[in-house]
1. Probe radius 1.4 Å, ligands and nucleic acids left out: which of TYR146, TYR107, TYR194, TYR215 has the largest accessible area, and how do the rest follow?
2. Per residue, how much accessible surface does region 216-289 expose to a 1.4 Å probe? Answer in Å², no decimals.
3. Under the rule a/c < 1.5 gives rounded, and otherwise a/b versus b/c splits prolate from oblate, where does region 156-290 land using the Cα gyration tensor?
4. Give me the tail of P(r) for region 21-166 as a percent: Cα-Cα pairs with distance above 24 Å.
5. For the chain, give the percent of accessible area contributed by carbon and sulfur heavy atoms, probe 1.4 Å, rounded to a whole number.
6. Hey, could you get me the Stokes-Einstein D for the chain, Kirkwood radius over alpha-carbon pairs, 37 °C and 0.692 mPa s, rounded to whole µm² s⁻¹?
7. In the full protein assembly as shown, how much of GLU264 is accessible to a 1.4 Å probe, in Å² to the nearest 10?
8. Please list TRP93, TRP46 in order of solvent-accessible area, largest first, computed with a 1.4 Å probe with all protein chains present.
Amino acid sequence: MKNFTQEKQGTIYAILAFVFWGLVPVYFKAVSQVTPLEILIHRVLWSLFFLIIIILLTKTTKNVIKILKDRRKLKILVISSILVSGNWLTFIWAVSNNQIVEASLGYYRNPLVNVTLGYIFFKERVTKTQLFAIFLAFLAIIYQLYKLGELPMVSLILAFSFGFYGLARKKVQVESVSGLFIETLLISPIALIYFIYLFKSGNSDFAYPLNATSYLLIMAGFVTIVPLIWFNSAATRISMMKLGFLQYIGPSISFLLAIFVYNEPFGFDKLVTFIIIWIALVIFSIPRKK
């Protein structure tokens with residue numbers, strides 16, 4: 001009964017996290033008048049603020065200090081902080097520039113990228129069906145290159161930056177909230193310097209006294225931290241296979257928002273690309289034979 005309750009709670013937490021992430025474009029559309037780089041610095045600074053509160057409330061400062069003293073882990077977290085910042089900036093830019101469909105495609109590709117990186121760096125076993133799924137994903141990229149005359153850079157950057165971010169976090173093996181706190185801490189000096197520059201030069205959209213835009217920018221930390229806490233709660237309660245399957249909720253919601261709410265163009269060429277990726281994901285999700 002206890003395991004069933006854990007499973008049920010984990011499933012609810014996972015659904016909450018992925019639904020939230022799927023709806024995140026609504027938030028970034030609300031602040032689309034702000035430059036992506038300024039949104040990013042507020043996401044970093046306010047995430048750091050909320051994470052400090054969480055760490056103090058959960059009394060996990062010792063974990064943070066222990067990580068900060070480990071030079072090897074710190075070096076890897078520097079790399080992961082750059083990767084996650086690049087991922088955040090690309091996604092914000094994509095939403096602001098009406099490329100939510102392309103961003104969704106990137107997160108659909110992510111599980112296939114993860115399997116590839118796991119095989120290359122950790123010698124993880126890859127089944128024939130997974131190899132075929134990866135081949136189909138590669139075929140979708142070739143198709144886009146052929147039809148559009150250019151690589152789908154947004155989806156590729158999102159998929160690979162998040163894939164390599166996951167790889168770095170697997171290498172460093174630190175608790176998620178503490179790790180994210182250190183990542184934001186490492187890049188916060190740059191974010192703070194840029195924020196001060198924008199504010200003093202009068203080019204910042206963050207105003208004091210606070211206006212509606214300022215409150216929305218403060219919410220960037222909330223938007224970042226809340227789904228992460230739910231995701232962490234889910235990851236400790238349900239299997240990775242179930243978590244991976246539920247992961248598709250996020251990009252699916254974003255995709256539907258892009259088409260039916262924000263009226264992004266979705267021509268035949270993109271439809272073909274999505275069909276190839278969806279087939280690849282169905283094949284990828286086929287359970288291994290024991």
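The values are calculated or read from the model by the stated rules, or taken from the named source; none is laboratory data. Just so you know, these numbers come straight off a predicted model, no measurement behind them. Cβ placement follows ideal geometry from the backbone for every residue including glycine, while neighbour counts extend to all protein chains displayed. Quick note on the areas: whole protein, heavy atoms, side chains included, nothing else; ligands and nucleic acids left out. Shrake-Rupley method; radii C 1.70, N 1.55, O 1.52, S 1.80 Å.
1. Heavy-atom accessible area, descending, gives TYR146, TYR215, TYR194, TYR107.
2. Working: 3820 Å² over 74 residues.
Normalised by residue count, the accessible surface of region 216-289 is 52 Å².
3. oblate
4. 46 percent
5. Its accessible area is 71 percent carbon and sulfur atoms.
6. Here the translational diffusion coefficient equals 163 µm²/s.
7. Here the residue's solvent-accessible area equals roughly 10 Å².
8. TRP93, TRP46
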